[in-house]
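Participant: Okay, here's the structure, questions in a sec.
The values are calculated or read from the model by the stated rules, or taken from the named source; none is laboratory data. Source: prediction; values computed, not measured. Here the Cβ positions follow ideal geometry from the backbone for every residue, glycine too, while neighbour counts run over all protein chains shown. These accessible areas exclude ligands, DNA and RNA; they are computed on the full protein's heavy atoms, side chains included. Shrake-Rupley method; radii C 1.70, N 1.55, O 1.52, S 1.80 Å.
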Amino acid sequence: MTLPKLNNPMACILGSGLGALGESLDSSTKVSYQDIPGFLNTQVSGHKGFLIYGKLGSRDVVFLQGRNHFYEGHSMEEVVYPIRFLKSLGVQTLILTNSAGGMGEGMKPGDPMLITDHINLMGNNPLIGSHRVDEGPRFPDMTDAYDPTLSRVLKKCFEEHNLNIHSGVYAGVTGPSYETPAEIRFLKHVGASAVGMSTVHECIMARYLGMKVVGLSCITNLAAGLSGSPLSHSEVKEVASQVEKNYTKALKSFIQSI
Ligand code: HPA
């Protein structure tokens with residue numbers, strides 16, 4: 001694959017059921033992950049496996065429709081390879097989206113949550129291993145992992161689209177089993193408002209490489225034990241697809257406003 005020449009592109013990783021933004025560009029090129037050296041095929045239902053680049057208004061953008069997860073058995077290095085690839089395209093701002101189980105006050109399935117911070121409970125870190133001094137610091141600071149200024153703008157864009165957006169801490173776990181109710185009580189106790197199986201390692205790699213990050217969860221379900229019914233991936237996909245249109249509109253206005 002020859003790398004496209006893009007002008008200060010912004011990138012967005014579109015999680016389960018949230019791929020529609022990738023189809024909404026004014027002009028675009030779609031490349032299957034299979035055709036990009038270093039990318040793995042996505043095997044998770046709801047994750048499409050395409051890189052799409054093009055223009056949204058005057059802004060160059062790159063969308064990754066679907067991602068690989070650590071629970072698929074890949075190494076951390078493989079799972080975060082797309083972030084390195086985005087860096088090589090010149091991406092300096094990255095939007096990470098995901099589906100998550102919600103445990104914050106007043107959360108309902110379908111609600112958006114701005115990620116203000118994360119807790120990495122993956123038992124791993126993508127930066128473990130030998131260090132390349134030219135890439136970034138050995139011990140990257142994670143104080144403002146999710147850029148406060150961009151986050152405020154994202155929140156405003158969702159509010160302007162009449163979407164009731166929460167703010168909170170995302171706990172990243174490996175999965176693939178969903179949490180037990182006791183684990184959810186623990187996560188709530190340590191300050192999490194949402195839990196999911198992605199994002200934290202991508203954020204770490206992006207920050208290490210010097211990118212700004214903004215994070216958005218779609219609360220697809222109340223976390224285990226909070227709703228009285230069992231969790232299922234089909235429910236997660238169903239809820240994400242119901243809100244996809246509204247999220248797409250708000251995300252588009254965010255991208256165009258920064
Ligand atoms: N837990 C973990 N990951 C998830 C959930 C959940 O409840 N919902 C969507 N992704």
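Participant: Failed condition for Leu21, given (1) surrounded by 20 or more Cβ atoms within 10 Å (Cβ to Cβ); (2) at pLDDT below 95; (3) hydrophobic (A, V, I, L, M, F, W, C); (4) in a strand (DSSP E or B), with all others met?
Facilitator: (4)
Participant: Here is a list: Glu183, Glu202. Which entry is closer than 14 Å to Gly102 by Cα, within 16 Å of the ligand (Cβ to nearest atom) and acidic (Asp, Glu)?
Facilitator: Glu183
Participant: With the condition kept exactly as written, say whether any residue in segment 74-93 is within 14 Å of the ligand (Cβ to nearest atom), touching a residue at least 12 places away in the same chain (Cβ under 8 Å) and not in a helix (DSSP H, G or I).
Facilitator: No, segment 74-93 has no match at all.
Participant: If you take the residues of segment 104-137 that are of a type outside the set (S, T, N, Q) and not in a loop (DSSP other than H, G, I, E, B), which of them is surrounded by the most Cβ atoms within 10 Å (Cβ to Cβ)?
Facilitator: Residues of segment 104-137 of a type outside the set (S, T, N, Q): 104-115, 117-119, 121-123, 126-129, 131-137.
Filter once more, keeping what is not in a loop (DSSP other than H, G, I, E, B): 112-115, 117-119, 121.
Values: Pro112: 24, Met113: 24, Leu114: 19, Ile115: 28, Asp117: 18, His118: 24, Ile119: 16, Leu121: 17.
Ranking the qualifying residues of segment 104-137, first place goes to Ile115.
Participant: Considering each of Val190, Val173 in turn, give the residue that is within 16 Å of Ser99 (Cβ to Cβ) and either within 16 Å of the ligand (Cβ to nearest atom) or of a type outside the set (A, V, I, L, M, F, W, C) (or both).
Facilitator: The conditions single out Val173.
Participant: If the Cβ limit is 8 Å and pairs must be 6+ apart or interchain, which residue in segment 29-47 that is within 26 Å of Ser232 (Cβ to Cβ) and modelled with pLDDT under 90 pairs with which residue that is open to solvent by 20 Å² or more (accessible area, probe 1.4 Å) and assigned to a loop (DSSP other than H, G, I, E, B)?
Facilitator: Listed pairs, sorted by first residue: Leu40/His74; Thr42/Lys48.
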